[in-house]
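The values are calculated or read from the model by the stated rules, or taken from the named source; none is laboratory data. Here the structure is a predicted model, which is why all the values come from computation and not from measurement. Backbone-built Cβ (ideal geometry, glycine too); neighbour counts: all protein chains shown.
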């Protein structure tokens with residue numbers, strides 16, 4: 001009697017599993033609110049994926065002026081400059097809330113991008129979507145009023161329009177940080193926030209956290 005060995009089916013690669021399990025070159029790290037994940041000028045040796053929480057990216061100029069260049073949420077990548085030959089970090093990454101992130105070593109990230117099409121497709125799609133967001137930010141900065149820019153950044157921070165997301169409470173963020181992000185003064189941000197509150201578009205929770213309502217979109221759409 002001849003026995004025919006059963007062929008084993010290849011295990012399908014699951015990007016979500018890859019980004020949630022510890023293995024060679026990958027580890028999960030937890031950061032407390034306001035804790036630095038990496039600092040500007042640090043060696044650039046890994047890519048990060050946010051599992052839970054919010055992360056702020058900041059840059060400090062040669063004269064010591066700090067600017068917030070991005071606010072990231074769960075499902076976002078950052079630190080990928082190492083894949084393009086960036087040897088030192090060009091910005092700092094700070095946990096805005098308690099965060100859980102997957103740290104993926106540069107070699108491990110390059111290997112999975114070359115080996116697994118499902119992962120590389122997902123990663124490229126993410127980078128393209130973020131590039132579109134940067135283009136929208138530039139158009140917003142060039143053509144919209146500071147009031148519209150503030151309304152837009154609050155809606156983005158509240159995940160407005162994302163599938164499965166509803167009106168969200170934004171963790172406490174200083175008016176100075178919001179002013180840096182939209183290119184205006186703290187006094188103008190304070191003026192518009194008070195106006196939005198009186199109009200019922202936002203309201204404050206404890207510790208100055210903001211509840212943003214979808215009605216704030218009226219400011220963005222108004223000519």
What's the total number of residues in segment 107-123 that are over 17 Å from residue 84 (Cα atoms) and in contact (Cβ under 8 Å) with a residue 40 or more places away in the chain? 4
By residue number, the members of segment 61-102 that are over 15 Å from the mean Cα position of the chain (by Cα) and either in a strand (DSSP E or B) or not assigned by TED's automatic domain parsing to the domain that holds residue 44 (or both) are 66, 67, 88
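Yes or no, residue by residue, for (1) loosely packed, with under 12 Cβ neighbours inside 10 Å; (2) within 27 Å of residue 155 (Cα to Cα):
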position	(1), (2)
25	no, no
33	no, yes
43	yes, no
54	no, yes
57	no, yes
61	yes, no
64	yes, no
75	no, yes
89	no, no
Among the listed residues 134, 126, identify the single one that is under 25 Å from residue 82 (Cβ atoms), in a helix (DSSP H, G or I) and touching a residue at least 24 places away in the same chain (Cβ under 8 Å). 126
